[in-house]
Structures are given as C-alpha cells and as structure tokens.
Amino acid sequence: MMSIEEGDQVRRGQSAIALLYGIVLCLLLLTQLSSSAAAEDVWKGVGRVVAIGDVHGDYEQFIAALRSAKLIDSKENWSGEKTHLVQTGDILDRGPDSRKVMELLMKLEKESRRAGGWVHFLIGNHEAVNIYGDLRYVSPGEFAAFRDSNSEKARDELYKKHLEQIKSSSLPESVPVFDDAFQKKWESEHPLGYAEHRRELGPTGKYGKWIRSHNAVIKIDNTLFLHGGIGPKYVDWSVRQINERVREELEDFTKLPGGLVMDGEGPLWYRGLDQEDEMALELHVKSVLQNHQAESIVIGHTPTEGAILPRFGGKVLLIDVGLSRVFDSRPRMACLLIENDKPCALHRGEKLELPSNSDSDLLRYLRQAAARDPSPSSLEKRIVEVEARVAVPAHK
C-alpha cells in the first residue's frame, strides 16, 4: 500500500507533467496564432474587391462611396457580404470628421468578418504623421470632434506641463514671460479638443493603437494595395518586411529618422508611380510586380481629376479621386471594383470599363465618367487636353 508521502510525490509528479503539458500546448497555440496573424497581409480566392482612396475627414462622401458599391445599407451596417473593402489610407486630416470615419471602419471591420467579408484599412502618410505628432494638416473641426465636458481641464493640465517643460529645459535668463498674451497665443495653437486628440492618437489611445495594428501594404490575389507606392530603394522588400518595419517605427519613434515611414521612396510617401514618366519607370514597375508576383498595383495618395485612372498599361491604378470636398466643392465619386481579378471603375455606382493605352480610349472613358457627374464635371479640363492630343472634336 502506498504511503502518504509516496502519494504526495506521485501527485506532485502528475501536477508537474500537467503543467509542462499546458506550457507546451500554450506555446503551440501562440505559434499558430502568430503565424496566422502574420499571414494576414496576403489573401487568395477573393471574388469581389472594392478599393476606395483618400477620404480626408469627409464622412458623408465616404458613406456615399460605400453605398455606391453596395457595401452598407441605409443604417450604415455592412451589406457587402463576402466583399473585401480596401481603404488605402489617409482617412485623417484636412476634413472635420476623421473620428467618425475611424469609428465606422472599426464597426465595419467586425460586421464584415461575421458576413465572410473583410475590411482592410491601410496606413497612409497622414495616419503616420498624426501618430508621431506632425499636426500641420489637422483641421479645427478634427480637434473639435474630440472636445468634451472635460476639455477645459485637459487643456489647462497640458498648458501647465508645457510651462514646466520650458522651465526645465531653458536657462533662467531665456525663460519667457508667462503672461496672458503668452497663454492666449498658446491656447490659439492648442484649441479645445487638442489634448484629447493627442491622447487618443497616442501610444495607448484608442485610435493610436487601432491604426498601428494595421498594415501598410497587402496583396489580394494578383493585386498589390498600398497608399503611396514602392520606390526603387524598396523594390526587393516583401509585404511582410514593409508591414513589420512600419509598425516597428510607429511603436518606437527613435527609429523614424532614416527609416521607412518618413522616406520619400517608402510606401507612405512615394509619388513616382503617379507622377513620373512611364517609360523611365517601366522597368521599375516590372521589378516590383515580379518581386511580389503580382499583376497590378493599386495606390492612392495623389488625387486625380476625379476618376480612377490607369498608368503603365493598367499595371498601376490610381484610385485617389479627390473624394473629400476640401479639394473641390463639386463632389467627386468613384472607386475601384475588382471582380474575379478583373478591374473596372465604379463611377457613381456605374461600372465603366477602364481605358487601354490609347488616347482615344481614354477619351471614351473620361466622357463616360463625366456624363455621370453633376455639371460641370471636374474631368472637363482633362477631356479638353486629351481631345487636343487625338484631334477629335468634343461631342456636344
């Protein structure tokens, strides 16, 4: 018969084995979770993709674009079923309603997943600058959207910290006079809502954490999606490398100088695919596509005249149509639709075949798009330019 001491030893041994088994199981689960999370920047077998470019705080225009693509219903709930929505960054700045756009995207992320779809919000340069504190483009309306009943107190506390910082970092003879004029000037630069804006977009804030949890670039089937583009310096970087580096730098600001996030050739700022000569960059675009085993690149960042436009023979698609009314009082409305890997424009809810390389086909497309715009269309100037190149009179 086993003694009490022997029984205790057996039980301790069994507990140790159970504990070891639990640790091993947890490690396996963590490995599976990390690998599955790491894999979520590449998707395959997606039948329908809608891509929307820069929003810049125009909530109403964003809602209109989503409805034109049948992604939300009249109550702003997800109705896109298994569609993947890609928003290519720059929902912040310029307009007043960035906070409402973020809240909507957070809601749609959950609703779309339950329906078998997906919402991909990508980090743009304006998300990045707000994270690390460059607030040149924040509109008064954006600060006001964060204002609440405690804003006066929050600003007072921020002002006191500002004074303490000046005193601690300045020589006694260089400390300014902290009079009413000094305070009023500071308050004019830090309106009510400013303190809350910085807190919520900071390292532990709701929106700061949400933004940093996202990717800067993703691939869906044969298409690469990102905000700005991939410059020659980063032609060999993988999707995973780019995303990990962007998140790393936005978590640790000491890594920003000389890094990827602030680089003009990086994915958040590069404009070469929008603006530079196509012949000069033809080999570069080919190299990017080969590296990522993709057939096309979809980017925002630089506004077109109001329509989805292809470059490099359709290998690059420009989808920032200047949606926000801060750019043009005439509302623009277009997004990209990809069905079974075939792209087309969804211009005010109507499918339009994208133009080929010829100016005559571009003219056909621009006229079709302009005919659906309220008059006068923002595309009219571009139409006149193309008409002059092909020497075809305008159809009146």
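The values are calculated or read from the model by the stated rules, or taken from the named source; none is laboratory data. The structure presented is a predicted model; accordingly, all values stated were derived computationally and were not measured. Methodologically, a virtual Cβ is constructed for each residue, glycine included, from the backbone with ideal geometry; neighbour enumeration extends over all protein chains shown.
Assorted remarks:
- Residue identified as hydrophobic (A, V, I, L, M, F, W, C) and assigned to a loop (DSSP other than H, G, I, E, B) among ALA280, ALA294: ALA294
- Test result for SER36, among the hydroxyl-bearing types (Ser, Thr, Tyr) and modelled with pLDDT of 95 or more: no
- Residues located in the stretch 74-115, provided they are of a type in the set (Asp, Glu) and farther than 14 Å from HIS214 by Cβ: GLU76, GLU81, ASP93, ASP97, GLU103, GLU111
- Of the residues GLY89, GLY80, GLY57, GLY53, the single one that is farther than 15 Å from HIS120 by Cβ and either modelled with pLDDT of 95 or more or surrounded by fewer than 15 Cβ atoms within 10 Å (Cβ to Cβ) (or both) is GLY57.
- Of the residues screened, GLN275 is one that is within 28 Å of ALA370 (Cα to Cα) and in the same structural domain as VAL49 (by TED's automatic domain parsing).
- Flag if VAL298 is touching a residue at least 40 places away in the same chain (Cβ under 8 Å) and under 17 Å from the mean Cα position of the chain (by Cα): yes
- Out of ALA345, ALA307, sole residue that is under 19 Å from ARG48 (Cβ atoms) and either in the same structural domain as VAL217 (by TED's automatic domain parsing) or among the charged types (D, E, K, R) (or both): ALA345
- Test: residue in the stretch 107-115 that is assigned to a helix (DSSP H, G or I), under 11 Å from the mean Cα position of the chain (by Cα) and crowded, with 23+ Cβ neighbours inside 10 Å: no
- Set side by side, the residues ARG389, ARG367 differ, and just one is part of a helix (DSSP H, G or I) and surrounded by 16 or more Cβ atoms within 10 Å (Cβ to Cβ), which is ARG367.
- Test: residue in the stretch 346-357 that is closer than 30 Å to GLY57 by Cβ and either among the β-branched types (Val, Ile, Thr) or out of contact with any helix residue (DSSP H, G or I) (no Cβ under 7 Å at 6 or more places or on another chain) (or both): yes
- Scanning the stretch 370-386 for residues that are surrounded by fewer than 18 Cβ atoms within 10 Å (Cβ to Cβ) and touching a residue at least 40 places away in the same chain (Cβ under 8 Å) gives PRO374, PRO376, LYS381.
- Within the stretch 184-203, the residues that satisfy the criterion of being exposed (fewer than 14 other Cβ atoms within 10 Å of the Cβ) and either in a helix (DSSP H, G or I) or at pLDDT 95 or above (or both) are LYS184, LYS185, SER188, GLU189.
- Scanning the stretch 116-136 for residues that are in a loop (DSSP other than H, G, I, E, B) and either in contact with a Leu (Cβ under 8 Å, 6 or more places away or on another chain) or within 27 Å of VAL50 (Cα to Cα) (or both) gives GLY116, GLY117, LEU122, ILE123, GLY124.
- In the stretch 170-183, residue nearest to ALA144 (Cα to Cα) [restricted to those that are modelled with pLDDT under 95 and among the small types (Gly, Ala, Ser)]: SER170
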